[in-house]
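> Here it is, the structure in full.
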Amino acid sequence: MSDSDQRFTSPESSSLGYYVYVYIDPRNDKPFYIGKGKGNRAFAHLDDASENEKVARIAEIRAAGLQPRIELLATGLDEKTAFKVEAASIDLIGFENLTNRVIGHGARKYGRRSVDAVHASLAADPLSEIHHNLVIIRVGASIDEARERLGARFETDSPEARMALYEATRGAWRVSKAKADAAELALAYYDGVIREVYRIATWLPAGSTMYTDGIDRTEPDRMEFVGSIAEEPARRLYRLKDASHLFAKGDVNPVRYFWV
């Protein structure tokens with residue numbers, strides 16, 4: 001059957017609504033791409049001429065005299081539900097096993113998450129009491145690489161996910177050395193919530209220590225800290241608390257200090 005024979009007619013497209021589809025490599029029966037769309041979106045990749053891993057895989061399959069197999073995982077969806085199914089499908093197969101270039105538009109909101117992450121997004125109480133000298137570090141930008149590298153595993157409660165959050169939090173930052181040295185605890189903050197609490201051992205010039213992700217964070221005028229997850233009483237005070245009210249609207253500085 002040719003590509004054109006597979007495409008949906010207009011009445012079929014209307015009946016399908018939004019759907020989630022998968023591309024399968026017929027040489028090993030393994031999925032290599034997950035997507036969502038409506039109409040004939042599922043077939044658009046067959047005409048894609050850009051340079052990416054997905055297009056290269058399709059070319060390899062065709063060079064072997066075959067065609068990628070396209071299957072629909074769910075049909076008759078509204079767009080919001082399609083986002084959820086796409087995110088769950090990518091998480092189930094594993095982002096690292098697919099040629100998708102991004103995790104999926106709905107992954108952060110609807111995808112695989114630890115129970116702690118769900119609590120953080122749904123029921124975080126405002127951080128109202130400060131009993132330590134704190135440095136709160138917003139890791140929104142620095143965490144993106146870890147999210148892409150670990151895929152669905154980033155939001156799990158695994159050792160590698162915990163290490164990824166620690167490394168994204170501890171370096172490297174432009175800080176006031178005097179203020180940083182006075183801080184007892186470093187709080188990892190993203191998506192409005194304190195996600196972890198670290199007891200600071202010391203601050204060092206950026207790039208002084210090794211990172212498991214292999215990224216060289218050596219930069220002039222920046223610092224990194226080394227430390228460990230704080231003791232439970234401190235964690236109970238700050239972890240999974242909403243700290244969004246502590247930052248003024250439009251404030252883009254990733255580092256803020258708060259004193260007892």
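The values are calculated or read from the model by the stated rules, or taken from the named source; none is laboratory data. Bear in mind that the values here come from a model prediction, so they are computed numbers and not experimental data. Using ideal geometry, Cβ is built from the backbone for each residue, glycine included, and neighbour counts are taken over all protein chains shown. Accessible surface is based on the protein model in full, side chains and every heavy atom, while ligands, DNA and RNA are left aside. Shrake-Rupley method; radii C 1.70, N 1.55, O 1.52, S 1.80 Å.
> From the phi angles alone, apply the Karplus equation (6.51, -1.76, 1.60; θ = phi - 60°) to the stretch 125-142 and give each ³J(HN,Hα) in whole Hz, x where the residue is Gly or Pro.
Whole-Hz 3J(HN,Hα) from phi for the stretch 125-142: 7, x, 6, 10, 10, 10, 10, 9, 6, 10, 10, 9, 10, 7, 9, x, 6, 6.
> In the stretch 1-95, carbon and sulfur make up what percent of the accessible area (probe 1.4 Å)?
49 percent
> Which percent of the accessible area of the stretch 162-260 is formed by carbon and sulfur heavy atoms (probe 1.4 angstrom)?
The nonpolar share, carbon plus sulfur, comes to 55 percent.
> Restrict the search to the stretch 1-60; then list the GluC sites (Glu not before Pro) that DSSP places in a loop and that have at most 14 other Cβ atoms within 10 Å of their Cβ.
Taking the stretch 1-60 and a limit of 14 other Cβ atoms within 10 Å, the loop GluC sites (Glu not before Pro) found are Glu51.
> Please list, or write none, the lysines whose alpha carbon is within less than 30 Å of the alpha carbon of Lys38, excluding same-chain residues fewer than 8 places away.
Straight-distance partners of Lys38: Lys30, Lys54, Lys80, Lys84, Lys109.
> Can you list the HN-Hα couplings for the stretch 57-69, worked out from phi with the Karplus curve (6.51, -1.76, 1.60; θ = phi - 60°), rounded to whole Hz and with x for Gly and Pro?
Once θ is set to phi - 60°, the couplings for the stretch 57-69 become 5, 4, 5, 4, 5, 5, 5, 8, x, 10, 10, x, 8 Hz.
> Before I look further, what does the stretch 188-260 give for accessible area per residue, probe 1.4 Å, in whole square angstrom?
For the stretch 188-260, the per-residue accessible area is 55 Å².
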